[in-house]
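The structure under discussion appears below in the form of structure tokens.
The values are calculated or read from the model by the stated rules, or taken from the named source; none is laboratory data. Bear in mind that the values here come from a model prediction, so they are computed numbers and not experimental data. Here the Cβ positions follow ideal geometry from the backbone for every residue, glycine too, while neighbour counts run over all protein chains shown.
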4 protein chains.
Amino acid sequence: MSKIFDPHFAERVQASFARQNAMALIQATLPVVAHGMTEIHLPHWPGVEQQHGFVHGGVVGMIADSAAGYAAMTMVLPTDSVLTVEFKMNLLAPADGDKLIARGKVVRPGRTLIITQAEVFAMKDGRETLCALMQQTIMVMHGKSEKSEVGSR
Amino acid sequence: MSKIFDPHFAERVQASFARQNAMALIQATLPVVAHGMTEIHLPHWPGVEQQHGFVHGGVVGMIADSAAGYAAMTMVLPTDSVLTVEFKMNLLAPADGDKLIARGKVVRPGRTLIITQAEVFAMKDGRETLCALMQQTIMVMHGKSEKSEVGSR
Amino acid sequence: MSKIFDPHFAERVQASFARQNAMALIQATLPVVAHGMTEIHLPHWPGVEQQHGFVHGGVVGMIADSAAGYAAMTMVLPTDSVLTVEFKMNLLAPADGDKLIARGKVVRPGRTLIITQAEVFAMKDGRETLCALMQQTIMVMHGKSEKSEVGSR
Amino acid sequence: MSKIFDPHFAERVQASFARQNAMALIQATLPVVAHGMTEIHLPHWPGVEQQHGFVHGGVVGMIADSAAGYAAMTMVLPTDSVLTVEFKMNLLAPADGDKLIARGKVVRPGRTLIITQAEVFAMKDGRETLCALMQQTIMVMHGKSEKSEVGSR
């Protein structure tokens with residue numbers, strides 16, 4: 001898709017994910033990190049449910065936002081970090097499954113802005129159902145690697 | 001803003017909120033429920049943080065989505081329920097505060113669709129900073145009160 | 001993708017397009033109408049330009065909105081009509097070409113709501129550049145065919 | 001709202017508007033330009049109609065996008081220009097009136113990104129009806145005034 005600026009992008013992304021308490025809180029994992037795409041998995045457990053026993057739409061949004069944001073992070077320099085400017089998500093079906101998979105990918109990499117998409121699937125009895133579709137804008141913070149970036153969003 | 005169809009809307013909304021495990025998981029509360037608007041409060045605690053120690057953007061989205069969705073629910077019949085069709089959120093500033101307040105309100109009530117907005121503020125040293133702005137579409141499920149609605153999103 | 005409810009969907013969609021003065025004003029055409037997808041073409045001419053000589057982003061939005069809305073219309077009954085609830089569009093690159101092509105497709109058909117996407121490409125010297133990406137929510141108006149629908153959006 | 005960087009912002013915005021052929025094509029005017037807000041007016045005439053005789057939703061989007069984008073342009077340096085990154089619009093009611101008014105305003109000015117909102121009202125028999133609501137992200141192009149900016153969106 002485009003030049004790989006950092007051969008260690010996967011370690012960098014995994015280290016950032018490991019520092020996100022909110023991802024641990026909902027028991028999300030990041031089993032796939034490739035250049036320009038990632039996957040976040042979420043087991044269905046009682047803590048993430050809404051009132052009808054499905055996974056909460058806001059939790060679906062959390063993993064979609066993060067999967068796409070980390071897809072963007074795979075494409076920046078180790079000295080840069082990324083932040084979400086905005087996202088728009090359509091909820092297409094109840095998040096009814098044993099597990100959710102959010103797949104984030106970069107649609108258009110840019111120097112300052114990276115445009116991404118994410119799809120969230122509910123896995124049930126070996127079948128995938130598309131339950132959410134997201135479109136997102138990510139901003140690249142030049143010269144602000146995650147470790148140095150204390151005062152930013 | 002429009003006719004109150006159900007004098008007991010606040011109890012109904014509070015009962016629904018109490019059944020959302022995901023809201024308990026992040027320690028969110030619903031201290032304000034008025035006709036066409038609600039407030040969700042979230043204390044800043046380590047479990048909801050992202051990698052820089054601010055509240056995770058996805059968690060900001062969860063409380064914005066829920067505050068606006070419950071604002072819509074205050075305006076429907078007790079025999080109806082509501083679900084989020086889609087939302088779009090701009091993250092304007094880091095969610096840097098002791099507490100977040102999400103204010104949801106109905107912009108346009110309709111028979112089938114209700115359009116809402118939410119603002120999320122970070123409270124720090126007595127000052128409010130607007131940190132997110134959301135626009136949302138809610139669908140009314142006629143004749144499907146929350147208790148009877150088992151098979152829906 | 002799903003059952004064809006109306007074998008004459010293409011004629012119905014073309015007749016509706018022909019009644020849209022705004023599409024004629026910008027010189028847009030609808031050369032492709034298939035089940036669940038359409039294409040709108042727009043020649044680059046001075047009347048649709050913005051201040052830098054590219055096609056105006058709002059005009060890009062018009063053809064994206066219409067291409068996706070008509071994709072939805074191919075999937076409803078002849079006695080139904082459709083209207084746009086909302087759309088979100090990212091502008092990815094200047095609309096710099098001799099011609100623009102907006103491709104709309106249905107992502108999730110539903111009884112009341114249909115979720116769609118559109119991509120807009122600029123054609124220049126035989127190359128396509130993706131210049132916009134849209135996600136849209138369409139509402140089905142049951143029992144309101146376009147001819148009978150006078151009082152609705 | 002924030003410091004005025006350019007006392008001649010209104011002339012600069014009007015000059016840019018005058019160069020947009022697409023605004024002339026739909027007969028839009030820009031009667032109000034203030035610091036952080038603008039108004040675009042559109043007479044209802046046959047050329048901008050959709051199939052039911054209301055103003056086309058895409059045309060509503062054009063004036064909303066432009067009103068908010070120009071609101072952002074009032075707040076940048078004369079040596080900078082602006083471009084639309086993305087916008088999301090809910091259509092709330094048919095654009096049924098003698099005239100439409102799009103009011104754009106800046107919600108959050110920033111060095112690189114400016115977040116805006118727009119409302120579009122239909123005027124009929126002296127009454128205003130809110131018919132669309134938009135949320136938008138604008139990017140500031142530093143050191144690229146409109147006149148010098150030939151190769152950008």
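Conditions (1) touching a residue at least 40 places away in the same chain (Cβ under 8 Å); (2) farther than 29 Å from C:M134 by Cα; (3) touching a helix residue (DSSP H, G or I) at 6+ places or on another chain (Cβ under 8 Å), marked per residue:
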| residue | (1), (2), (3) |
| --- | --- |
| B:V60 | yes, no, no |
| B:D65 | yes, no, yes |
| B:M75 | yes, yes, yes |
| B:P78 | yes, yes, yes |
| B:F87 | yes, no, yes |
| B:D98 | yes, yes, no |
| B:K105 | yes, no, yes |
Practice task
Residue by residue through the stretch A:37-51, note down the ones that are buried (at least 19 other Cβ atoms within 10 Å of the Cβ) and either touching a residue at least 24 places away in the same chain (Cβ under 8 Å) or within 12 Å of A:I101 (Cβ to Cβ) (or both).
Solution key: A:M37, A:T38, A:E39, A:I40, A:L42, A:H44
Problem - Members of the stretch B:112-127 found to be surrounded by fewer than 15 Cβ atoms within 10 Å (Cβ to Cβ) and touching a strand residue (DSSP E or B) at 6+ places or on another chain (Cβ under 9 Å), listed by number - result: B:T112, B:K124
Exercise for the section: Take the stretch B:85-111 and flag every residue that is surrounded by 24 or more Cβ atoms within 10 Å (Cβ to Cβ) and touching a Cys at 6+ places or on another chain (Cβ under 6 Å). Expected result: B:A95
Practice task
Return a yes/no flag: does the stretch A:124-147 have any residue that is under 22 Å from B:V48 (Cα atoms), in contact (Cβ under 8 Å) with a residue 60 or more places away in the chain, among the hydroxyl-bearing types (S, T, Y) and out of contact with any helix residue (DSSP H, G or I) (no Cβ under 8 Å at 6 or more places or on another chain).
Solution key: yes
Practice task
Among what's in the stretch B:78-96 and is among the β-branched types (V, I, T) and facing chain A (nearest Cβ under 7 Å), pick the residue that is farthest from A:H56 (Cα to Cα).
Solution key: B:V85
Exercise for the section: Looking only at the stretch D:52-84, count how many residues are among the aliphatic types (A, V, I, L, M), surrounded by fewer than 24 Cβ atoms within 10 Å (Cβ to Cβ) and farther than 23 Å from D:F5 by Cα. Expected result: 0
Exercise for the section: Look at A:V120 and say whether it is under 13 Å from the mean Cα position of the chain (by Cα), farther than 29 Å from C:A93 by Cβ and more than 8 Å from every other protein chain (Cβ to nearest Cβ). Expected result: no
Exercise for the section: Among the residues of the stretch D:1-60, write down those that are in a loop (DSSP other than H, G, I, E, B), in contact with a Leu (Cβ under 8 Å, 6 or more places away or on another chain) and either at pLDDT below 95 or closer than 24 Å to C:M89 by Cβ (or both). Expected result: D:F5, D:D6, D:I26, D:Q27, D:A28
Practice task
Taking A:A34 as meeting all but one of (1) free of Cβ contacts under 8 Å to residues at least 24 places away in the same chain; (2) over 20 Å from B:T84 (Cβ atoms), write down the number of the exception.
Solution key: (1)
Problem - Filter pass, A:V33 being of a type in the set (A, V, I, L, M, F, W, C) and over 11 Å from the mean Cα position of the chain (by Cα) - result: no
Fill in the blank from the handout: Only unsatisfied item for D:S66, checking (1) at the interface with chain C (Cβ under 8 Å from one of its Cβ atoms); (2) part of a strand (DSSP E or B), is (2)
Practice task
State the number of residues belonging to the stretch D:107-118 that are of a type in the set (D, E, K, R) and in contact (Cβ under 8 Å) with a residue 60 or more places away in the chain.
Solution key: 0
